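Chemist: Please see the structure below; I have some questions.
The values are calculated or read from the model by the stated rules, or taken from the named source; none is laboratory data. These figures come from a predicted structure and were not determined experimentally. Neighbour counts run over all protein chains shown; Cβ positions are idealised from the backbone, glycine included.
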Amino acid sequence: MAKHIFVTGGVVSGLGKGLTASALGMLLRSRGVRVTMQKLDPYLNVDPGTMNPFEHGEVYVTGDGGETDLDLGHYERFVDTDLTRDSNATTGSIYSAVIAAERRGDYLGRTVQVIPHITDEIKRRIARLATDDVDVVITEVGGTVGDIEILPFLEAIRQFRLDVGRENVFFLHVTLVPFIGPSGEQKTKPTQHSVTELRSRGIQPDAIVCRSEQPLSTELKRKISNLCDLDVEAVVNAADASSIYMIPLVLHEEGLDEAVCRHLRLHTGPLALNDWRELVGRIESADRPVRIGIVGKYVSLPDAYLSVVESLNHSAFHFGAKLQLEWIQAEHIEGMLAASRLADLDGIVIPGGFGQRGIEGKIAAAGYAREHKLPCLGLCLGMQVMTIEYARSVLGLEGANSTEFDPASAHPVIDLMETQRRVTDLGGTMRLGNYIAELREGSQVHAAYGASVVKERHRHRYEFNPRYRGRFDDGDFVCSGVSPDNRLVEFIELRSHPFWIATQAHPEFRSRPNEPAPLFRELMRAALGRAEQRTLDLLEVAPAGTDNRSNRNAPPSADPPMVREALTIGAVGADS
Ligand code: GLN
């Protein structure tokens, strides 16, 4: 029978509960334990698919097309497993199921209540992950103890322990031990209060992970152990780490996995952490500088691009590169100011997104990258804007656009497919989850993947318009990956460019710390090449009046007049 670990959080949100849960999952997996993970979210949305990225961060897409919380991305990356939509349940989805059952008459006329009906549904969601091929289910409860919405979840996990037996359940509580400047002290009171709150719901934690800026003293741990009625070994400290990938090592040194295995009577194999230690070693010793820009709309909330950032990190780890990320607000580079913002970069990513805002800036960035041989990776919307840019600037298709942004476009190079057009409910029209693409032999994408057939996750409505495929067949632009029926374009690239590659998919959802997604890895390789060239350029003595930024890959005279003008304006557009 599977064992269960429940992770709750106290004091404040944003403590890294999801990362703590993921790191614990990774440690158990490294002992040979078969782990799966899930997140219970107390909000009322049925799933995060409709939530604003500015508010909720990235929507993480699972292989089966679930639109889920971004913590599932951490789970997959740390535990190196593919999850499904079942790994994310919200209050909204739980109530929907219960209300639908009530309408069907399943409750035989009884009064339907939070306890037991909602709590039973929560327990059902937890239990359904405990399949025969799983040893441990880690369930993170979103929100913070003390929130009104969290109560049914706490009640459900309390009952769950009673249902399956104490030795099969481990309660882990994540809290904050703040440092109060004026008194120069770390304070345990918030932890005590939050454990008291948890206990008032009938849950005594089996371990506490105390987040802190600086390490806790043994004395302070003893104090917490005493006040919260826990063995001192069960008080684990996770002080701020410079990389999230260090957290498993910190938790292991603090004895968390040992405490969990002891309590759950898990007889595991030896811990195999060598690969992970090696990864952390590479992160710590990274010294090849590289500057990558993310040209997006939601750049004021970097969590909106969490998986893109992690994929770039994984690629940087691969090459021992020290990644410097530049957040570029797409709107700020509208009006051909791309050069002033992009000239000093080694590569750019144009990520996914919805809606018109910033589109012209992204198109300008794609154009700048194309003309200046700046490595550029387009993801989903990124592929669409690169297609539009090429249509307008190279193929001379004036007014080319996506019908998402200009329904009356003279050249709708990106459009809804016939099947999507017939559906009126927008939620029903998305292409979601895994789709297969066949890659063209000899293409850069084929070389990057080292495979002819690949599977990537999708989340979009619009597609490369098949009516324009012939127009793009100009000897340079290549549709290097297509759906097996050859109707949908999945990857594009340029023969004449070192790296101007895009995909309709979201490969960022499948990148792992020790195995970066192939297109990100190759973007990083190209960007590092450019960075190293930049260093060599700087070492050369530049004749007076020469601009080193622009002479890397194209002579300054090759700049179109508008771009040359922009180059003299100076850096603008830094996102506030
Ligand atoms: N808005 C575009 C579409 O719906 C792209 C979506 C995305 O980038 N995820 O097709």
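Chemist: When the range 450-459 is examined, which residues are found to be on the phi < 0 side of the Ramachandran plot and away from the ligand (no atom under 16 Å from the Cβ)?
Modeler: If the condition is that a residue be on the phi < 0 side of the Ramachandran plot and away from the ligand (no atom under 16 Å from the Cβ), then ALA451, SER452, VAL453, VAL454, LYS455 are the ones that fit.
Chemist: With crowded, with 21+ Cβ neighbours inside 10 Å, in contact with a Gly (Cβ under 8 Å, 6 or more places away or on another chain) and within 27 Å of VAL136 (Cβ to Cβ) as the only criterion, which of GLU233, GLU310, GLU254 stands out?
Modeler: GLU310
Chemist: Listed residues GLY92, GLY109; which is free of Cβ contacts under 8 Å to residues at least 24 places away in the same chain and not aliphatic (A, V, I, L, M)? I'd like the intermediate steps shown before the answer.
Modeler: Values: GLY92 fails: free of Cβ contacts under 8 Å to residues at least 24 places away in the same chain.
Of the residues listed, the single one that is free of Cβ contacts under 8 Å to residues at least 24 places away in the same chain and not aliphatic (A, V, I, L, M) is GLY109.
Residue by residue, here is whether (1) within 27 Å of the chain's Cα centre (by Cα); (2) within 15 Å of the ligand (Cβ to nearest atom); (3) crowded, with 24+ Cβ neighbours inside 10 Å holds:
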{"position": "HIS332", "(1), (2), (3)": "yes, no, no"}
{"position": "ALA339", "(1), (2), (3)": "no, no, yes"}
{"position": "PRO351", "(1), (2), (3)": "yes, yes, yes"}
{"position": "ALA366", "(1), (2), (3)": "yes, yes, yes"}
{"position": "SER393", "(1), (2), (3)": "no, no, no"}
{"position": "ALA408", "(1), (2), (3)": "no, no, no"}
{"position": "HIS411", "(1), (2), (3)": "no, no, no"}
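Chemist: Find the residue count for the range 457-495, including only residues that are of a type in the set (Ser, Thr, Tyr), in contact with a helix residue (DSSP H, G or I) (Cβ under 9 Å, 6 or more places away or on another chain) and free of Cβ contacts under 8 Å to residues at least 60 places away in the same chain. Reasoning before the result, please.
Modeler: Narrowing the range 457-495 to residues of a type in the set (Ser, Thr, Tyr): 462, 468, 480, 483.
Checking which are in contact with a helix residue (DSSP H, G or I) (Cβ under 9 Å, 6 or more places away or on another chain) leaves us with 462, 468, 480.
From what's left, free of Cβ contacts under 8 Å to residues at least 60 places away in the same chain: 480.
Residues meeting the conditions: 1.
Chemist: Right, something else. Is there a residue being modelled with pLDDT of 95 or more, closer than 24 Å to MET1 by Cα and not hydroxyl-bearing (Ser, Thr, Tyr) anywhere in the range 230-247?
Modeler: No: zero hits.
Chemist: Tally up the residues in the range 136-165 that are in a helix (DSSP H, G or I) and of a type in the set (Asp, Glu), please. Give the steps one after another, and end with the answer.
Modeler: Going residue by residue through the range 136-165, those that are in a helix (DSSP H, G or I) are 151-164.
If we keep only those that are of a type in the set (Asp, Glu) as well, we get 155, 163.
Count: 2.
Chemist: Looking only at helices (runs of 4 or more DSSP H) that fall completely inside the range 210-284, which ones have 2 or more residues that are of a type in the set (Ser, Thr, Tyr)?
Modeler: Where helices (runs of 4 or more DSSP H) fall fully within the range 210-284 and carry at least 2 residues being of a type in the set (Ser, Thr, Tyr), they are 218-228.
Chemist: Give the residue, chosen from PHE477, PHE509, that is under 23 Å from LEU306 (Cβ atoms), touching a Phe, Trp or Tyr at 6+ places or on another chain (Cβ under 7 Å) and either aromatic (Phe, Trp, Tyr) or surrounded by fewer than 19 Cβ atoms within 10 Å (Cβ to Cβ) (or both).
Modeler: PHE509
To keep it simple, each residue is scored yes or no on (1) more than 16 Å from the ligand (Cβ to nearest atom); (2) closer than 21 Å to GLY433 by Cβ; (3) buried (at least 22 other Cβ atoms within 10 Å of the Cβ).
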site: GLN444; (1), (2), (3): yes, no, yes
site: ALA448; (1), (2), (3): yes, no, yes
site: ARG461; (1), (2), (3): no, yes, no
site: VAL482; (1), (2), (3): yes, yes, no
site: ASP485; (1), (2), (3): yes, yes, no
site: THR503; (1), (2), (3): no, yes, yes
site: PRO513; (1), (2), (3): yes, no, yes
site: ALA526; (1), (2), (3): yes, no, yes
site: THR535; (1), (2), (3): yes, no, no
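Chemist: For the range 117-127, indicate whether the set of residues that are farther than 21 Å from VAL169 by Cα and not in a loop (DSSP other than H, G, I, E, B) is non-empty.
Modeler: yes
Chemist: Next question, about the same structure. Checking PHE54 against (1) under 20 Å from LEU301 (Cα atoms); (2) at pLDDT 95 or above; (3) aromatic (Phe, Trp, Tyr), which single condition isn't satisfied?
Modeler: Exception for PHE54: condition (2).
Chemist: Working only within the range 297-339, note down all residues that are part of a helix (DSSP H, G or I), within 19 Å of THR535 (Cα to Cα) and not aliphatic (A, V, I, L, M).
Modeler: Answer for the range 297-339, where residues must be part of a helix (DSSP H, G or I), within 19 Å of THR535 (Cα to Cα) and not aliphatic (A, V, I, L, M): just PHE319.
Chemist: OK, next. Quick check, is TYR75 part of a loop (DSSP other than H, G, I, E, B) and either crowded, with 20+ Cβ neighbours inside 10 Å or touching a helix residue (DSSP H, G or I) at 6+ places or on another chain (Cβ under 7 Å) (or both)?
Modeler: The answer is no for TYR75.
Chemist: Specify which of the listed residues (SER285, SER300) is of a type in the set (S, T, N, Q) and in contact with a helix residue (DSSP H, G or I) (Cβ under 8 Å, 6 or more places away or on another chain).
Modeler: Going through SER285, SER300 in turn, the sole match is SER300.
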